[in-house]
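Reading through the structure tokens given below for one structure.
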Amino acid sequence: MYNPKSKVATEFIDDAEIQETLAYAAAHKDDFALIDQILEKAATLKGLSHREATVLLECDDPVYLDKIYQLAMEIKQKNYGNRIVLFAPLYLSNYCVNECRYCPYHHHNKHIARKQLSQEEIVREVVALQDMGHKRLALETGEDPVNCPIEYVLESIKTIYGIKHKNGAIRRVNVNIAATTVENYRRLKEAGIGTYILFQETYNKQAYEYLHPAGPKSNYAYHTEAMDRAMEGGIDDVGCGVLFGLNLYKYDFVGLLMHAEHLEARFGVGPHTISVPRVRPADDIDPQNFSNAISDEIFQKIVAVLRVAVPYTGMIISTRESQKTREKVLHLGISQISGASRTSVGGYVEPEKENTSQFDVNDNRTLDEVIGWLLDLGYIPSFCTACYREGRTGDRFMRLVKTQQIGNCCQPNALMTLKEYLIDYAGPETRRRGEQMILDTIPLIPNEKVRALTVQHLADIENDQRDFRF
Ligand code: SF4
Ligand code: SF4
């Protein structure tokens, strides 16, 4: 029985409710009076129910699709302004006891090298990331209680926060590790993590069990209820996502929204971020084997409708996608991207040394190229990490997004962190374009006091001071 407040996975992700939603959406896909009403509601920035959103997902009328795309961009602009936040993944360990059919780290894959970074190697990786200009990381590990216990992850976080190299600093460490216990989530919270990220992969229990034939991750309920345990452990920013291509995308789209509704219903805080990865080629993995692969057009529609349906959430796209695809979805509401990523263990220092990567990267540009590209597209590249450092997490953060106030912080913070990047790391051409973006944007800061303080801090940054934030 569907119950968004239930603690039980199969009740808040209820198969019958998903099937009924899909049938309802298929029956109403050409009901333009209803679609108009849904779009009107979405334009108020209050979000949509999973049923309403699925009607939009089913709609294939080109005029209405254009309306959805336009609204998606408007909502992103209203909530976050035109900044795009940058981050990089850092792979710590690829030991894994699970058997996920779509991931080269699965336990029985004998052709990849297994590796776990020592603390000294972590320092070298992080220095390489800092020297590019990164300030925000997402830690990635496989699941292996013996080779990669929680103590190792906690020690690694401490190491990373402690590295001071030139003007660099990692100011926010997000963590993407396997579903774990309330106690371990509490320890991660105490270690000062930003967001806890865990992808559901697919919400369809039957497909999930087929895709995860062995290992702790094969337990659908334990995995699906992980965000509840994370929140019980005090982590109030969680990042959700599915791996599109594993299962019917419409089913997972509904599941993802029901998960967001569940977290709102139970904790008053929906997902801080939603990621939209698609299956990619990798060692021992051929995307052709996944018959549910989705086209670029459908992918764009998913991004746009998620943006419209969950207006408060940050939306992330990684280097799994090509420059071209990333460019398209940036215009549909994406607010965070990775840049210059290496998906192998130790890959920032020794990119080609060993075959340890989780997937093939589809966008191989340097961070400086990515920054230049964002500037050309009219976005402000941002290395901001202010919110969690100022205690703006969970419901405090959500209140600010839902009242369209967070943009008042995002915009000046983007300018100040961009300024740091331009001075410390940018090539001359990127610096020129970035300085122009800063000059053009300062007059647009609406609050006079904030504007004056931003100008002051930009001058302070020129004078070698760092780390200002609103
Ligand atoms: S997806 Fe995660 S849990 Fe599954 S095999 Fe890969 S690293 Fe292990
Ligand atoms: S102010 Fe908060 S929401 Fe805005 S970019 Fe910075 S950390 Fe993100």
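The table below gives the values:
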{"read-out": "Residues satisfying the stated conditions in region 386-413, i.e. buried (at least 23 other Cβ atoms within 10 Å of the Cβ) and touching a strand residue (DSSP E or B) at 6+ places or on another chain (Cβ under 8 Å)", "value": "410, 411, 413"}
{"read-out": "Residues being not in a helix (DSSP H, G or I) and not acidic (Asp, Glu) - total across region 425-470", "value": "12"}
{"read-out": "Qualifying residue in region 289-299 (condition: buried (at least 22 other Cβ atoms within 10 Å of the Cβ), within 16 Å of ligand 1 (Cβ to nearest atom) and touching a residue at least 60 places away in the same chain (Cβ under 8 Å))", "value": "no"}
{"read-out": "Residue in region 223-231 that is away from ligand 2 (no atom under 16 Å from the Cβ), in a loop (DSSP other than H, G, I, E, B) and buried (at least 22 other Cβ atoms within 10 Å of the Cβ) present", "value": "no"}
{"read-out": "Selected residue (criterion: farthest from residue 354 (Cα to Cα)) from residues of region 78-100 that are among the charged types (D, E, K, R) and more than 9 Å from ligand 1 (Cβ to nearest atom)", "value": "78"}
{"read-out": "Count of residues meeting criterion [among the aromatic types (Phe, Trp, Tyr) and away from ligand 1 (no atom under 16 Å from the Cβ)] in region 342-377", "value": "2"}
{"read-out": "Long-range neighbours under 9 Å by Cβ, at least six apart or interchain, first residue closer than 18 Å to residue 136 by Cα within region 413-432, second part of a helix (DSSP H, G or I) and within 16 Å of ligand 1 (Cβ to nearest atom)", "value": "none"}
{"read-out": "Which numbered condition residue 395 fails, given (1) within 11 Å of ligand 2 (Cβ to nearest atom); (2) at pLDDT below 95", "value": "(1)"}
{"read-out": "Qualifying residue in region 423-437 (condition: under 22 Å from the mean Cα position of the chain (by Cα), aromatic (Phe, Trp, Tyr) and modelled with pLDDT of 95 or more)", "value": "no"}
{"read-out": "Residue count, region 189-210 (criterion: over 21 Å from the mean Cα position of the chain (by Cα) and farther than 13 Å from residue 222 by Cα)", "value": "5"}
{"read-out": "Evaluation of residue 12 against (1) buried (at least 21 other Cβ atoms within 10 Å of the Cβ); (2) assigned by TED's automatic domain parsing to the domain that holds residue 387; (3) not charged (D, E, K, R) (one fails), failing number", "value": "(2)"}
{"read-out": "In region 207-222, the residues that are assigned to a loop (DSSP other than H, G, I, E, B) and under 21 Å from residue 256 (Cβ atoms)", "value": "212, 219"}
{"read-out": "Selection count, region 61-101, where residues are within 16 Å of ligand 2 (Cβ to nearest atom) and either free of Cβ contacts under 8 Å to residues at least 12 places away in the same chain or surrounded by fewer than 19 Cβ atoms within 10 Å (Cβ to Cβ) (or both)", "value": "2"}
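Condition check ((1) in a helix (DSSP H, G or I); (2) modelled with pLDDT of 95 or more; (3) within 21 Å of residue 251 (Cα to Cα)) across all residues:
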residue: 22; (1), (2), (3): yes, yes, yes
residue: 30; (1), (2), (3): no, yes, yes
residue: 64; (1), (2), (3): yes, yes, no
residue: 74; (1), (2), (3): yes, yes, no
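The values are calculated or read from the model by the stated rules, or taken from the named source; none is laboratory data. Keep in mind that what you see is a predicted model, and the values were worked out from it rather than measured. FYI the Cβ positions are ideal-geometry reconstructions off the backbone, even for glycines, and counts take in every protein chain you see.
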